[in-house]
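In what follows, a structure is listed as structure tokens, so that the remarks can point back to it.
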Amino acid sequence: MSDVDLTHDAGLTLDGVSAAYRGVTVLQQLRLTVARGELLVVLGPSGAGKSTLLRVVAGLEPVTTGRVWIAGRDVTADRPGRRNVSMVFQSYALFPHLTVAENIAFGLVVRDVPKVAARERARTAAEQVGAAHLLGRRPGQLSGGERQRVALARALVREPDVFLLDEPLSNLDLALRVQMRAELRALHDRLGATMAHVTHDQTEALVLADRIAVLRDGRVEQVGTPDEIWHTPASRFVAGFVGSPAMNVLPGSGPIQPSGAPPAGMAGEREIGFRPEAVVLGEPDGAAATVDRVEVVGTDAYAYLTLRAGNPVVARVPAAHRPARGDAVRVGVHWADTHVFDATTGLRCAA
Amino acid sequence: MLAPYLVGLVGLVLLPAAVTLALAFTEYDLVNPPSWAGLANVSELVTDPVFRVALTNSLVFALVAVPLRVLLALGLALLLHRRSFGSRPARVAALLPTAVPEIAYGLLWLWLFNPLYGPINQLLRVGGENGLTMLGRTPPQWLTDPTDARAAIILMSVFTMGETFVVLLAARRALPADVYEVAALEDATGWDVFRRVTLPLMAPVLALLVVRDLIASLHFSFVPAFVVTDGGPPPYATTYLSLFIYRTGFEYLRYGYAAAATLVMMLLTVAAVVLQWRLFRRYRAFYRL
Amino acid sequence: MGGRASGPPPLSGRIGRIWRALGSLFVLLVFVPPLLLLVSGSLTEPGLPPSPTPQVIPDPVSTAGYRQALAVGGVLRAALNSLLVAVVAVPLSVLVAALAGFALARLAPRRAALIVVASLVALMVPATALLVPRFAIFRVLGLTDTLVPLIAPALLGTSPLYVLVYYLAFRALPRDLYDACLVEDMTPMGIWWRFALPMVRPVTAAITALTFVFTWSNFLDPLIYVYDRDLFTLPLALRSLSVLDPTNFPVFLAGAVLATGPAVLVFGLAQRRFFHHDDQTGRNRP
Amino acid sequence: MRRPKALLAALLATVLLGSGCGSGSGAAADGPVRLLVFGAPEELAAYRTLIEAYGQARPGNEVQLIEASDRKDLLARLATSVAGGAPPDLFLMNYRFYGQFAAKNVVEPLDERIAASEKVDPADYYPVAMEAFSWGGKQLCLPQNVSSLAVYYNRTLFAKYQVPEPKAGWTWNDMVGTAIAMTRDDRGVVVKGTESEGAAARPAVHGLGIEPSIIRVAPFTWSAGGEIVDDPDRPTRLTLDTPIGREALKNLVDLRQAYGVVPTDEEVEAEDDESRFANGRLAMLMSSRRSTTTFRSITDFEWDVAPLPVYQDQVGVLHSDAYCMTRGAKRKDAAWRFLEFAISAEGQQIIAATGRTVPSHVGVSQSPVFLDSAQPPRNATVFLDTIPTLRTLPTISTWPEVEDVTAGILENALYRGDRLDEVIRALDEQTRPLFARGEHG
């Protein structure tokens, strides 16, 4: 819906791209642009078409309509190798029969770069991702994080126009993921390269991205900076997908009446959404609710409530002041903290 | 990249085979031009007692030898897939007979089976008297008794299951370790593990190998019958379809008739393969593989 | 062997190991003696009245069988011809099979299925059905009485089965790896040579060994296509020894030993490779 | 994809180049004459000697020997090469088997060439052999030998056990008696080697070796005044169901079943009769002249030949091989020149020297080359004396099948003791369709 400003001279532009896999349309009239030097994170649930998007850019899947531009060139008809992109696969796709050094240099060697130069560049790339000590090993002898670094180095070594990263962090454990996330961001800043990074992890997207494109059923639901995505989700879907626990969404005429002045345009069927941290417990004119269960996460606690009308609501409270299971509480929220969506289209209303 | 193979496949197999199968409907003696005969050859085959014997022999051979070969290969693969004392030389040993050229293999067994002076019967006679075995029975008459001769041919073919063995060994080693760990946690017995884990997981490979062995069993029986038993003991104890076709076509110059037998043989093979494949599909549906 | 044991043994600990060792021993005892007897038989003095008792070590040990096999059967000349055929046919055959298997694996499923079915049909054709039409083809090409007809089966990878085995092996390779190659702008030929072929080395080893044995022991083809005694291959030489009397068994066993040696050697060398696969994606067939 | 295209191009080039050469060499009439023969290694050596001598006598004329290991391999080669349009120029074949090729017009008639030849005079050859190869009134092949069955016997062994040696005119019963007297155990005691006696009586020496086949039955049936087929020229069935045929069969079977003088099936499979004889453990062997080559290497004992025993008349059965020219031969004239040489006195002397044949050339057969007393058998005239009594088996195109079928039945009769009525019925039933399908010369 968001009208993207398409310039074909950007780092990467998808202009009305549709793609199908086994007869099922996976991407529908997709319009998206990634500025030069920008790190765009494509976020969406499984099956949204994220990987297909990357594969279309790489030329591994054909488009049915639309055009793909990379660094000002129309590459729609080019074969993968001519697009000057590199890709980090979710499985890393390292060649088990080659050493780390050979894996990194692979793209150079097959392009007939002289051996000595290739080796030198592979070493540099390995150093950039902190994998220089691994050069002599084979993929079978590496840990997950090490493989990931090698895959990155292989993508780096050729200095492509666009980096495509297909959920590269999803196979790592949490601590490692957090660390690699930071390193990846730092690497991007250092290189100033155009990157398209695919993930289903909203935290990863928020932390990493210059801009985020939220994908749903093969369409772009919203494109924006992490701030925009978080603070002004363009639809109920985006609002629900970004944030954990998810945003509470209740009928506009419903069981909770927010306090303060309602925004304009509350006519018609509306839904109001508010994040758990916006919920105020113990508001005297709030709606009556009972506490079903309480989860403590460090200093915070999440209280899972059921309103009298039967709607579930999650509230974030300080752990020290958390209610107990079975308590009767009153729940309130400020209009200022709410998002209003059209009940039928799910789109954000007004401001 | 496919071009050379397609040239070979069409030029050296499919086209020649089509020519031969077309000749099945002609009277052709290899010498004079073929003349159209319609189904005369096929209807003659139906009443030909020798063909019937050869057909039965081939079917019995396939029904006995194929399961034996595959089971032996499976047993060996399961026994030897893990490293243990002697497993390496044992693996090589199980492969060796497969490496022996067919004719040499035939000559070797011709001597091993020699009723009086062959090592097998000499071994069987150890401890016995007057040319009898220790149990006081006559040793098998490999080359003169019809049943023993058939057994001899099957025995010969069983020893050359190396190819099947290699594939099964590789398949067994490729099975994921975790399912065996689960089985161990459930305290499953060896038999249970085999029946409920190994067998279903290896079923696709086994099915493929059985199909292959079935197809090849017609070829396996040719050289032994040709070199070792010459189709005998009389009249036709080890005359298999392959030998029947060779003789009819090349020795008696009835190529059209032999081609008809080839046609029947191929149709039977196709039928067997299809049948087997359907059975396997039902099995697969059952296990949801 | 890689030491990657697949799960804990069903029979735990020492008892399991003992059983396995006994099993291995049994296998050795069953499979080795025929070949030992082949060797010991070949070293017996030919022409003597047969010994009524079993002899493992012949008395006297004699190499006369070998001398006669070389003299009477022309085994040496035949061995050279066989070697010539194998040296040309085996690499060519493996090349064709590997290329075709790879191309099949990259082909659209429907077209690949067509060729797979055609290959399966080809597998079912008995060798005897091909002799006469092939002879006619080779004659038209002027190739009878040369070694070319013996090399020709290499054009179809010796057996369509080997093409199918390669097909399955290549298909089992992870798709991401193919894609990674495409991103690097490699030609299909380059992908085959630099990536796919190295990944299926155990398959190549096994198929090379099998192709060698198949070519080496090919009997029907030379029987029909080769006239000139100078072009005889080993199986034909052995065939002419097989008409000797049973009591001349040392002569034909000597011929058999000479014919078997190279095949066993190739198999012995190759099996190290196809049993030794520790790379995780280099799984032998599916 | 550059390389596969190059590969394909190379392949096509090879194919085209190959076919170019092929059509070139196929049409050319030069190159060696190709002669297809089969035989044991010693026999093949004899043919190589012959070809060498030809090369020396006629420099520039080359002959290439195509060797098959046995008759069946030879048939397969001949059949495929004729079908493929590249037959050998000449092949050597027994008259019992050439019928299927003669009937199919594969063999080139030689009458005109014989008439025009200065070297070949039909009158020089034994008529019985020449007639065996005449088909439909035409001389198709020229015989190189006129062998026949004889009884080889171990003189040393006969002397040791003081049994009278076989001599001309002896009867079947004489032969059985002699065989019984010669069947001995390892202490030299006469034993009866029948199954009922138990394995304890396994003889060390057997009295007689004979192959259970129609060609061994035939001469005795004839000798008793019978026939083996209803019409020797146009046979439609075997006539072994006549009293004479039946008796001949029964007597053959009794050799094993009643007297145990011939080795058992098992023993024959373990060691064939020829080597049993050569190893000194068979007193007599009924075989053709070709065994002579093998037996000449015997050094341990003395041996000789005797004529076949008789029922009433002395009758022998012809064993003759001839050179045949294929109709599709590329070098007919050159082939004919070699053929002339091979069956001429000179050529036959070379083959006769190996001992393998009884020369079909009358002059050579009566010359010292054949009757040479330095080499056994001393009594070589036995083969010549038999010639006037020789009869031939029917030459119909399906005769090879008849021999194969009957061999199986007779083998079971001799070794397994099938009921004689069953045997005779099976022989008749199973050969009728073969005779019906056969073509006659």
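Rule-based calculations on the coordinates, nothing more; no lab input. If you're wondering where the values come from, they're calculated on a predicted model, not measured in any experiment. Positions of Cβ are generated from backbone atoms using ideal geometry, with glycine treated the same way; all protein chains shown enter the neighbour counts.
General remarks:
- Point-to-point label distance, A:Ser253-C:Leu114, nm (Cα→Cβ direction, 7 Å offset): 6.3 nm
- Annotation for A:Asp300 and B:Val274: the two label points, set 7 Å from Cα along the Cα-Cβ direction, are 6.6 nm apart.
- Antiparallel bridge percentage (DSSP; both residues within the protein assembly as shown; nearest 5): 70 percent
- Choice from C:Leu269, C:Leu76, C:Leu238 with maximal GNM fluctuation in chain C (Cα, 10 Å cutoff): C:Leu269
- Counting only aspartates and glutamates at least 8 places from D:Lys250 when in the same chain, those with an alpha carbon closer than 17 Å to its own are D:Asp174, D:Glu211, D:Glu227, D:Asp241, D:Glu411, D:Asp418, D:Asp421, D:Glu422, D:Asp428.
- Shielding of C:262-271 by partner chains, average beta-carbon count, 10 Å: 4
- A cut-off under 14 angstrom between Cβ atoms defines the neighbours of A:Gly66, and their net charge, with Lys, Arg +1 and Asp, Glu -1, is 0.
- What the Cβ-Cβ distance of D:Ala353 and D:Asp385 gives, at R0 = 30 Å and to the nearest 0.05, is a FRET efficiency of 0.90.
- Per-residue average of Cβ from other chains inside 10 Å of C:101-111: 2
- Exposure proxy ranking, count of Cβ atoms within 10 Å, fewest first, for A:Val280, D:Val261: A:Val280, D:Val261
- Inter-chain neighbour count for C:162-170: the average number of beta-carbon atoms from partner chains within 10 Å of each residue's beta-carbon is 1.
- Computed FRET value (nearest 0.05) for D:Gln366 with B:Val126, which takes r as the C-beta separation and R₀ as 56 Å: 0.45
- Taking the square roots of five times each eigenvalue of the Cα gyration tensor of the protein assembly as shown, the equivalent ellipsoid has semi-axes of 84, 34, 27 Å, listed largest first.
- Anisotropy class assigned to chain C is oblate, per the alpha carbon gyration tensor with a/c at or over the 1.5 cut-off and a/b no larger than b/c.
- Peptides A:39-45, A:313-319 ranked from most to least packed give A:39-45, A:313-319, packing being the mean of other C-beta atoms within 10 angstrom over each peptide's residues.
- In this structure, the amide hydrogen of A:Asp300, modeled 1.01 Å from its nitrogen in the peptide plane, lies closer than 5 angstrom to those of A:Ala319, counting only residues at least 5 positions away or on a different chain.
- Comparing B:Arg125, B:Arg247, B:Arg69 in a Gaussian network model of chain B (Cα springs below 10 Å), the most mobile by mean-square fluctuation is B:Arg125.
- Here the label points at B:Val46 and D:Ser117, each 7 Å from Cα along the C-beta direction, are separated by 5.1 nm in the simple model.
- Neighbourhood net charge (11 Å Cβ-Cβ; Lys/Arg +1, Asp/Glu -1) for A:Leu54: -2
- Set of lysines near D:Lys104 by C-alpha distance (under 24 Å), chain-local residues within fewer than 8 positions excluded: D:Lys72, D:Lys138, D:Lys330, D:Lys332
- Beta bridges from DSSP with both residues in region A:12-234: antiparallel share about 55 percent, rounded to the nearest 5.
- Taking the C-alpha atoms only, the angle from helix D:243-257 to the longest principal axis of chain D is near 80 degrees.
- Fewest neighbouring Cβ atoms within 10 Å first, the residues D:Met93, A:Met180 line up as A:Met180, D:Met93.
- Region A:245-260 residues near the modelled A:Trp335 label - backbone nitrogen below 19 Å, point 7 Å along Cα→Cβ: A:250-260
- Net charge contributed by nearby residues that have their C-beta within less than 9 Å of B:Thr164 (K/R +1, D/E -1): 0
- In chain C, the DSSP-assigned H stretches of four residues or longer account for a calculated mean residue ellipticity at 222 nm of -20500 deg cm²/dmol, using -39500 (n - 2.57) per stretch and the full residue count as denominator.
- R0 of 22 Å, Cβ-Cβ distance D:Asp421-B:Asp230: FRET efficiency to nearest 0.05: 0.20
- Burial ordering of C:Ile15, C:Ile224, fewest other beta-carbon atoms within 10 Å first: C:Ile15, C:Ile224
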